[in-house]
Structures are given as C-alpha cells and as structure tokens.
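Here is the structure we will look at, set down as structure tokens.
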Amino acid sequence: MAAPSPILTLTLNPAIDEAISIDALALGSTNRCRLDGLDPGGKGINASRVIRRLGRATLAIACTGGVTGALLAERLRDEDVPHAFVDVGGETRVNVMLYEWSSGHRTRLYLPGPNVDAAHLHEVERLLAPIGADAIAVLAGSLPPGLPADTYRTLARGLAARGIRTIVDTSGPALAAALESAPLLVKPNVEELEELVGRTLPDEAALLSAARDLQARGPDYVVISQGAEGALAVGPSEAWKVHAPAVEAISTVGSGDSMVAGLAIGFREGASFADALRLGAAAGAATAIRSGTQLGEARDVERLVGDVRLEPR
C-alpha cells in the first residue's frame, strides 16, 4: 500500500524571522541590541515545522532566493523538514521582531519580499503536480510582489480539481478571492475578518454572523483566531467557542501558524472538527509560551491539548 501523501504547505513569500531585543529604542541614534532568534519564517513554513515536530509527514514548498533563501533551506534541513524551493532570484526577505524591555512593546518590521512572476508560479505548479489526491494543502501567507490577488484562488481551484483539499491562511484581497475556490477551511483573525467584511465586529454574536457570511461565500469551515481568547469556529453543522489553555504567553509570533498545523493534521487524519480544534488550539498555545520566533514543541502540545475547552454555539 502506498504511503499517504504528506501535508503540503505553500509559502509564496517566506522569510527569515529575526527576533531582537533592546532595553529602550532611541530613534535616530545608535542602538545596541541582542539577537534572540534567527528562524525560518512564513506562515506555511511555520506550519510545516510544527507538523514535523508533531511527527507527521509534510512538504514545504516555497519561493526563495539569494543568501537568505539558502539560510532558510539550511535551517529547515537542521529541523529535518522536507522542502522544495523555487529559486526566484533576489533575496528572501528578513522580517524583524523587536522587543523593547522598558515598555514591553513588541514591534514587527515586515519587508515585501522578492518579485515572483508567472514563470516562477509555473514552477510552483510543477512541484504541486505529483501530490496525491488524498493530500491536504495549506496555502498561507502574503503574496509577494508580482503576483495578482487571485493567485491562491487559481492554485486552490487547480488542486480541488484533483481532489486535494485546501486550507487558506491569508488576508485582504488574496483571501477574498480565495473564498471563491471553496476551500476546506479559512482562518482569519479578528482584524482580518473585519477588513474582509468591511465592518467592526465588537462581540461574539457579530463575529459568528460574519463567520457564517464568509462560509456562505465558499469555505466549509471558518476559524476565527482570537489570540489569548481562543477562537470561534463555524462548520457545516456545528459552531464552537474554543477556550485556549491558560498559559503565560511570551510571544505570539507563529501561534496562528501552529494552530493551522494542528487543524491540518486533524482533518488529514479524519478527526472530528472539535478534535481538530483542540489540537490546533494546543499547538497555538505551545508556541505562545516560547520566546521570540520559536515554535512550540510536541511535549507541550501533548500537555496542553487536554486543557482546551469547547463550548457549542
């Protein structure tokens, strides 16, 4: 019997995530900082890293380039994360997460990334071609310069035509277009959902209504991540309030990506929606207790999954 297909992740605009800290930032002056972490980054890349840590098969496909792209590949090899990259030239972006000790403020500096064109996207599709129909594909992160807003929609439709289910984790026009591909699941946070529906969502009732509006536009499942407050989730026949484990969060970088990893594993293995949510929430919490740009470990996910509470809505 053939081995099942891995959980595929596609990151068109990956990064090296650099975490630095400083006592107090003085604009316009020389600042002495401390390097706290230099890790592979990008939503799909992070999801694959967590999937691998949880002992499941994955393949991280990404568009990379230059010295920083080589560093990204080296770090994934160090973590034993299978990957396949399309060389787009230029330099894979470096995103900076700055923590200021004196104020407790966390500031994120994101670069746009190198240009990706239609020829590069054709190479991405070539890498996707061997993936079996039993796979789940996570399409995640921002679109790089050079690609139209409907890129994820086009890719998801092509995968759906082969029977491959997709999870889309992006925002703005890219997410709006991707809804039309009828993905398995989308996972906006509250701010991304408000942008998408064009109105403020001040309470749970408003969030659930917006999630159902989104569901009517294509996806089977909508999960709204709410940080320390957990998540709200709507499926074809059920809705849940997900109460995340009570942990002392150190950094939220990568928590949403970790939740996506847990959800993808749950759906890939035929778990109920509720159990997929439990694994996703535990994975997100396991990352939140890590510093800088570090991701959660399997032992913490296993410890926390029993602390996730679900209430029907």
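The values are calculated or read from the model by the stated rules, or taken from the named source; none is laboratory data. Because the structure is a prediction, the values reported are computed rather than measured. With ideal geometry, Cβ positions are generated from the backbone for all residues, glycine too; neighbour counts draw on all protein chains shown.
Quick rundown of the values:
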{"read-out": "Index of the failed condition, residue 74 passing every other in (1) under 27 Å from residue 143 (Cα atoms); (2) over 17 Å from the mean Cα position of the chain (by Cα); (3) in contact (Cβ under 8 Å) with a residue 24 or more places away in the chain", "value": "(3)"}
{"read-out": "Filtered residue count, the stretch 36-72, keeping only those that are under 19 Å from residue 261 (Cβ atoms) and either among the β-branched types (Val, Ile, Thr) or touching a Cys at 6+ places or on another chain (Cβ under 9 Å) (or both)", "value": "5"}
{"read-out": "Answer from 98, 71, 25 - the residue that is in a loop (DSSP other than H, G, I, E, B), closer than 20 Å to residue 293 by Cβ and of a type in the set (A, V, I, L, M, F, W, C)", "value": "25"}
{"read-out": "All positions within the stretch 96-123 that are crowded, with 20+ Cβ neighbours inside 10 Å and touching a strand residue (DSSP E or B) at 6+ places or on another chain (Cβ under 7 Å)", "value": "97, 99, 113, 116, 120"}
{"read-out": "Unique match (being more than 18 Å from residue 63 (Cα to Cα) and in a helix (DSSP H, G or I)) among 156, 176, 133", "value": "176"}
{"read-out": "Any hit, the stretch 248-270, residues being under 22 Å from residue 188 (Cβ atoms) and among the basic types (Lys, Arg)", "value": "yes"}
{"read-out": "Of all residues in the stretch 135-179 being out of contact with any Gly (no Cβ under 9 Å at 6 or more places or on another chain) and polar (S, T, N, Q), the one that is nearest to residue 260 (Cα to Cα)", "value": "166"}
{"read-out": "Any chance residue 147 is at negative phi, outside any helix (DSSP H, G or I) and surrounded by 16 or more Cβ atoms within 10 Å (Cβ to Cβ)", "value": "yes"}
{"read-out": "Residue match in the stretch 64-82 (condition: buried (at least 22 other Cβ atoms within 10 Å of the Cβ), in contact with a Lys or Arg (Cβ under 9 Å, 6 or more places away or on another chain) and on the phi < 0 side of the Ramachandran plot)", "value": "no"}
{"read-out": "Hits in the stretch 179-196 (condition: touching a Pro at 6+ places or on another chain (Cβ under 8 Å) and not in a helix (DSSP H, G or I))", "value": "182, 183, 184, 185, 186"}
{"read-out": "Which listed residue is touching a residue at least 12 places away in the same chain (Cβ under 8 Å), surrounded by 19 or more Cβ atoms within 10 Å (Cβ to Cβ) and on the phi > 0 side of the Ramachandran plot, from 284, 280, 230", "value": "230"}
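Residue-wise test of (1) more than 15 Å from the chain's Cα centre (by Cα); (2) modelled with pLDDT under 95; (3) aliphatic (A, V, I, L, M).
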residue: 1; (1), (2), (3): yes, yes, yes
residue: 9; (1), (2), (3): no, no, no
residue: 15; (1), (2), (3): no, no, yes
residue: 23; (1), (2), (3): yes, no, no
residue: 27; (1), (2), (3): yes, yes, yes
residue: 36; (1), (2), (3): yes, yes, no
residue: 41; (1), (2), (3): no, no, no
